[in-house]
Amino acid sequence: MTDNILSKNLLTREDLVNLLSASEDREKHRIYRTANDIKKRYAGSMVYLRGLIEISNICRKDCLYCGIRKSNGAVGRYTLSEEDVVDKALWAWRRNFGSIVIQSGERTDRQFIDTLASAIRAIRQQTDNALGITLSCGEQEPETYRQWLDAGAHRYLLRIETSSEELFRKIHPDNEFHRFEDRLKALENLKKTGYQTGTGVMIGLPGQTMENLADDLLFMQNIDIDMIGMGPYIPHHDTPMGQWKEHLLSPAERFELSLRMIALARIMLKDINIAASTAMQVLDPDGRIKAILAGANVFMPNMTPKIFADNYHLYDGKPGVLDDPMIVVKELETRLKAFGETIGYGKWGDSKHYFKKKTSPPGPLSKMERGSRG
């Protein structure tokens, strides 16, 4: 059955459920081989580096799963100075990283917005526009997205977390700061603003079904996403959902399911960028390598200053906090060579899908894209 499904040009919801449920090793390996072949054909054999800088763990949100949620009083809060952010970016650039990711808790205060814009401009100026910049700073007003784009950022990751509104409501408080429709609108605004837009989901949430995950993949296909960052749900002990451990799939099952989601996303979306998320390594020491061999092509070594990095724990057991990023990269490079993969030193590694859309003739617009072309 697996071979018949994988031979199709378009996968249905039923197809995806069957592939997500495949249990035989032969079927699993067939899915991963297919995904890796498609990656090499459409996205290439290069893994792109994104130096991760977690600039602030202050957050206005209270998501029930997140270790830096507003109500967690056990977290030591911090915000990097503009100088620290620029210094870390320059450190990455001088070591031939093509891009960085600037990530934060969700903040909408003017000081944060303007300081980040200033840091982005300084990074652009001091690297002669040679360093790519991805942002992952939550839901913002359209003017903020525009301000950061004009400053020099060009990619933005905003995870939907789950495309099921029912499940979304279960993992967030019921108030004005946590609306499913606001998340959808923010993704729409990012696309309209002109960012290479990314999203992603958590895999293995309590109560999540194979049908939910199939819908997640179809959602990402339907909104014509450029990048994906997704991985397994891992509890944090200081959160309301941290008490639900007994209702979760085993770590091995969540890892396998996350690997399958990466592979199926690659099979369906072909030329997008897919990150080998850090969370994969929590459940398997070789998690990020396995993700790359299943279709991922982006790797994000952590560059947050060590005195702060231990306070940016979205989940328990976050790996790599104290690792030297260059040692991590060199080990990755050595291991990838055995599989015919290389690291794209000095390359932005932008989404091929984004630029293909730019050069393709206009076609029917999705619901989220209507009004974005004029």
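Yes or no, residue by residue, for (1) over 30 Å from GLY132 (Cα atoms); (2) in a strand (DSSP E or B); (3) open to solvent by 10 Å² or more (accessible area, probe 1.4 Å); (4) among the charged types (D, E, K, R):
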| site | (1), (2), (3), (4) |
| --- | --- |
| ARG159 | no, no, yes, yes |
| ASN175 | yes, no, yes, no |
| LEU187 | no, no, no, no |
| GLY198 | no, yes, no, no |
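Listed by position, the helices (runs of 4 or more DSSP H) inside the stretch 1-68 whose residues that are among the basic types (Lys, Arg), at pLDDT 95 or above and open to solvent by 10 Å² or more (accessible area, probe 1.4 Å) number at least 2 are 25-42. Among the residues making up the stretch 131-157, those that are open to solvent by 10 Å² or more (accessible area, probe 1.4 Å), under 12 Å from THR108 (Cα atoms) and outside any helix (DSSP H, G or I) are GLY138, GLU139, GLN140, GLU141. Is it fair to say GLU161 is of a type in the set (D, E, K, R) and under 30 Å from GLY51 (Cα atoms)? The answer is yes for GLU161. Of all residues in the stretch 13-40, those being out of contact with any helix residue (DSSP H, G or I) (no Cβ under 9 Å at 6 or more places or on another chain) and among the polar types (S, T, N, Q) number 1. Scanning the stretch 151-174 for residues that are touching a residue at least 12 places away in the same chain (Cβ under 8 Å) and more than 19 Å from the chain's Cα centre (by Cα) yields ALA151, GLY152, GLU165, LEU167, LYS170, HIS172, PRO173.
Flag: SER71 matches the condition of being open to solvent by 70 Å² or more (accessible area, probe 1.4 Å) and either under 30 Å from ARG335 (Cα atoms) or small (Gly, Ala, Ser) (or both).
The values are calculated or read from the model by the stated rules, or taken from the named source; none is laboratory data. From a predicted model like this one, the values you see are computed outputs, not experimental measurements. With ideal geometry, Cβ positions are generated from the backbone for all residues, glycine too; neighbour counts draw on all protein chains shown. Heavy atoms of the whole protein, side chains included, go into the accessibility calculation; ligands, DNA and RNA do not. Shrake-Rupley method; radii C 1.70, N 1.55, O 1.52, S 1.80 Å.
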